[in-house]
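Following: one structure in structure tokens, then a few remarks.
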Amino acid sequence: MSLIRQLPEHLVNQIAAGEVVERPASVVKELIENSLDAGAQSIVVDVEEGGRKLIRVRDDGSGIAAEQLALAMSRHATSKISSLEDLGAIVSLGFRGEALPSIASVARVSLSSRASGADSAWQVEARDGKVGEAVPCAHPAGTTVEVRDLFYNTPGRRKFLRAERTEHQHIDKWVRRLALARPDVAFSVTQNGRTVLRLAAASDDDGRLRRVHDICGEAFASQLVYLERPAATRDDISLSGWLGLPTFNRSQPDLQFWFVNGRSIADKTLGHAVRHAYRDVMFHGRYPAYVLYLGIDPAVVDANAHPAKLEVRFRDGRGVHGAVSQAIEHALSGTRAGDSGVTPVAAAAVDEAFSRQTSFRQSSMPLGGHRHASGVREALRGYELFSETMAASSTPEREREDVPPLGFAIAQLAGIYILAENANGLVVVDMHAAHERILYEQLKGAFEQRNIVSQPLLVPVPVTVSESEAALAEDADEVFARLGLVVDRSGPTGVIVREVPALLRQSDVAALVRDILSDLQQSGISNRVEDRCHEFLATMACHHSVRANRALSIAEMNALLRSMESTEKSDQCNHGRPTWTTVSLADLDRLFLRGQ
């Protein structure tokens, strides 16, 4: 083995760059975070050749004094912390003072700045890790960092860069994330001299929603629920942001944004809390979309848990999980059918249909001899009687405000759908999906009021686990008791299950216990039993809800509509399918070319 020797400073910086500078997008992220920490209100990013040739970030922040420019390019030099106590309560985005020297060790860097109130600007340049003398330059108040020829002196790193388009996409992703984190800051991005993103600063709620629209797209911005949970005295956790409706779901988690104290992060505890909140309104294998901001005391969150500051660690992960999950579930529970009059998904579907310029032909609609014709005629006769009853009890000119959100039933279509008329037009309800949600919420409410009922097993079930899991089970008596389980340790790598929740007596007990222990090891909390019980209740609701081809009377259909309007999450069934949609009178007029 070779002798131990001190590494040269330049090589130390290049090794550190391996943690901070993964690709050009990493440089953009670090420089923008420095600009935000400097109080910038406008940030301009210029990129050429995917960041290989040039990355320039210009801001109008507080700037850097001439005598501190060279110090800013040295390792472990920062204005953001001064003691170990500061490190335990980080409020800034950057703090270790490694970004600029690490970047300068693998690129040619120029730093120009004019401090607030200064008469002139100054500039320093770094080549091969060596910082030159500060010289005067022309520059407005603020700072500009130019990074040229990234990885020019580390060809092994440069060859791992992807195509220019791919690197541009990574840069764009991070700029958009940081723009979501700070909607009060204006952003502009150019790629090879062409402006690809321009975002005005937002000063009110409409401006912040416009920022979400510009970054996440119109489809998300038109199908969302606003969430706001003020910090409670007991936990000092605030949560705000936008949740995508369950009907707006994705095949991958590409529209999921978490910001903790303004920092963009990816956290398993927070991700699990969101999945748990969406558990009974989302298709399996689909992902919700959201933009959420978590505020928490910096002293109880470790922002230094990842070299690139992409993850955080909470002191009380279980408490954060519970607060986040409950707040999101409460926000989603308010999405009752008919609340918004016209559902966004329906409007989008109608616009898509018209964009395809589909030709509707009446001849393709077999009116006579259809297998459902007799059912339609019977429903229409029932509607005539219903209309006569309504006319007798109503004033000749019925006020539109008296019409409930889902309107009044007029017919049943194909034994599956309820057709109703409200103040906006036609409402179509999937009667099985709607009834399934109503029954499920009723069963779930009764189940939660009685809590979880345990049932002793006639023959206890032995479960083989790892030694660490067995020790965890021994210390988690209270957790298992709250879940309706009695689990005792039976050896170094074994536990024995003596009682289970009554609803899950026919389930795979061993797999359930292993899953719970895995959850406890990973995040300190488990919702397996509750989720399994809810799955059982959802199955019961599905099996006992009204089936297709069952003829409903007008009164029964109206009763179902009124129940939907008063039931939580009635916009979706238990599997995440929409329960209703609507077509406005304006859309019907367009369909039949009225007024044209």
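The values are calculated or read from the model by the stated rules, or taken from the named source; none is laboratory data. Note that the structure is predicted; figures quoted are calculated from it, not measured. We place every Cβ from the backbone using ideal geometry, glycine too, and count neighbours over all the protein chains shown.
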Over the range 553-579, the set of residues among the hydrophobic types (A, V, I, L, M, F, W, C), surrounded by 19 or more Cβ atoms within 10 Å (Cβ to Cβ) and out of contact with any helix residue (DSSP H, G or I) (no Cβ under 7 Å at 6 or more places or on another chain) is Met557, Leu561
Looking at (1) modelled with pLDDT of 80 or more; (2) in contact with a Leu (Cβ under 6 Å, 6 or more places away or on another chain), which is the only condition Lys444 fails?
(1)
Residue check: is Ser105 modelled with pLDDT under 90 and touching a His at 6+ places or on another chain (Cβ under 7 Å)?
yes
Need the failing condition index for Ala473 against (1) touching a residue at least 40 places away in the same chain (Cβ under 8 Å); (2) small (Gly, Ala, Ser); (3) under 30 Å from Val403 (Cα atoms); (4) assigned to a helix (DSSP H, G or I), just the number.
(3)
Can you report the number of residues in the range 154-203 which are free of Cβ contacts under 8 Å to residues at least 40 places away in the same chain, closer than 19 Å to Val27 by Cβ and of a type in the set (Val, Ile, Thr)?
1
Just to be sure I understand, how many residues within the range 26-72 are out of contact with any Phe, Trp or Tyr (no Cβ under 7 Å at 6 or more places or on another chain) and either part of a strand (DSSP E or B) or more than 30 Å from Lys159 (Cα to Cα) (or both)?
28
Across the range 222-260, what is the number of residues that are more than 20 Å from Leu294 (Cβ to Cβ) and in a strand (DSSP E or B)?
2
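Tell me the residue from Val124, Val91, Val147 that is buried (at least 21 other Cβ atoms within 10 Å of the Cβ), over 16 Å from Gln68 (Cα atoms) and not assigned by TED's automatic domain parsing to the domain that holds Leu294, please. Steps first, answer last, please.
On the way: Val124 fails: over 16 Å from Gln68 (Cα atoms); Val91 fails: buried (at least 21 other Cβ atoms within 10 Å of the Cβ).
One residue alone meets the criteria, Val147.
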Which condition number in (1) of a type outside the set (A, V, I, L, M, F, W, C); (2) touching a Phe, Trp or Tyr at 6+ places or on another chain (Cβ under 9 Å); (3) under 30 Å from Leu100 (Cα atoms); (4) in contact (Cβ under 8 Å) with a residue 60 or more places away in the chain is the one that Thr269 fails?
(3)
